[in-house]
Amino acid sequence: MRYILIGVNFKEVKDAKNDIDKGIITDQLNLICNCIRAALFISDGIRRSTKTIIFDPDFNKIIVLDGFKLKYMGPDLRSISLLIIKAFETLKKDLKKQVYTSTPGIYIIQRDITEYLKNIVDPGSLIYYSEYSPSNETIIKIDSNILIVYFEYSVKDKILRNLERFNLKPLKLNTKIKLTPYEFIIIYQNYLDLMFNEP
């Protein structure tokens, strides 16, 4: 199983269905949707072996998209954004269950990201996080099934502070172009596909 973690500031996600129906979408939600598309969709369907987790390091709930169980989501912006907005609306509610299904394959889990990672990370496992700055270092071998992307540097600082117990390493690519979070995901997924002859 591969894990793509999208670190965001939950308070910045303020989109509503009515706005999406009018074709209005914020940059924040647009980035989230592009990352989900890059993480979960391939030309002939959905990556069943990938889970995408949307989290805020300071929040005690996470959104999990399970590629193996995901239904009703297409690769277009409208389809992804409407289901994600529904998940965020569920996230804000006072839930009584530990795991709540927003739509098939999309879950709200009452657990912070540190607790979630403790259950999926083996001791000594490596977790890459995206590093946008051009670097002289080229990652030749990607040997982790977990990648974290983020949109704002304030979120990066929270991720590094809250997840310092884990073996985090920046994923740097030797390029003069500033990559978007979803471009990092595409490179990461395609690299692992080649290495393991998947999907």
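The values are calculated or read from the model by the stated rules, or taken from the named source; none is laboratory data. Only a predicted model underlies this, so the values are computations on that prediction, with no experimental measurement involved. When we count neighbours, we look across all protein chains shown, and the Cβ atoms used for this are built from the backbone with ideal geometry, even at glycine.
Numbers for the structure displayed
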item: Cross-chain or 6+ apart pairs with Cβ under 6 Å, the range 15-29 first and among the acidic types (Asp, Glu), then surrounded by 10 or more Cβ atoms within 10 Å (Cβ to Cβ) and part of a helix (DSSP H, G or I); result: Asp15/Leu29; Asp15/Ile85
item: Leading residue by the ranking (surrounded by the fewest Cβ atoms within 10 Å (Cβ to Cβ)) among those in the range 57-94 that are out of contact with any strand residue (DSSP E or B) (no Cβ under 8 Å at 6 or more places or on another chain), more than 23 Å from Lys158 (Cα to Cα) and among the acidic types (Asp, Glu); result: Asp94
item: Selection status of Ile54, assigned to a strand (DSSP E or B), under 22 Å from Tyr182 (Cβ atoms), modelled with pLDDT of 95 or more and in contact with a strand residue (DSSP E or B) (Cβ under 8 Å, 6 or more places away or on another chain); result: yes
item: Selection count where residues are surrounded by fewer than 19 Cβ atoms within 10 Å (Cβ to Cβ), outside any helix (DSSP H, G or I) and not basic (Lys, Arg), scope the range 14-40; result: 5
item: Residue check, Lys11 of a type outside the set (A, V, I, L, M, F, W, C) and under 22 Å from Val149 (Cβ atoms); result: yes
item: Tyr107 being under 28 Å from Ile42 (Cα atoms), at pLDDT below 95 and either aliphatic (A, V, I, L, M) or within 14 Å of the chain's Cα centre (by Cα) (or both); result: no
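Here's the yes/no breakdown for (1) modelled with pLDDT of 90 or more; (2) of a type in the set (Ser, Thr, Tyr); (3) farther than 20 Å from Asn30 by Cα; (4) under 15 Å from the mean Cα position of the chain (by Cα):
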{"position": "Ile148", "(1), (2), (3), (4)": "yes, no, no, yes"}
{"position": "Ser154", "(1), (2), (3), (4)": "no, yes, no, no"}
{"position": "Asp157", "(1), (2), (3), (4)": "yes, no, yes, no"}
{"position": "Leu160", "(1), (2), (3), (4)": "yes, no, yes, no"}
{"position": "Leu163", "(1), (2), (3), (4)": "yes, no, yes, no"}
{"position": "Phe166", "(1), (2), (3), (4)": "yes, no, yes, no"}
{"position": "Lys176", "(1), (2), (3), (4)": "no, no, yes, no"}
{"position": "Thr180", "(1), (2), (3), (4)": "no, yes, no, yes"}
{"position": "Glu183", "(1), (2), (3), (4)": "yes, no, no, yes"}
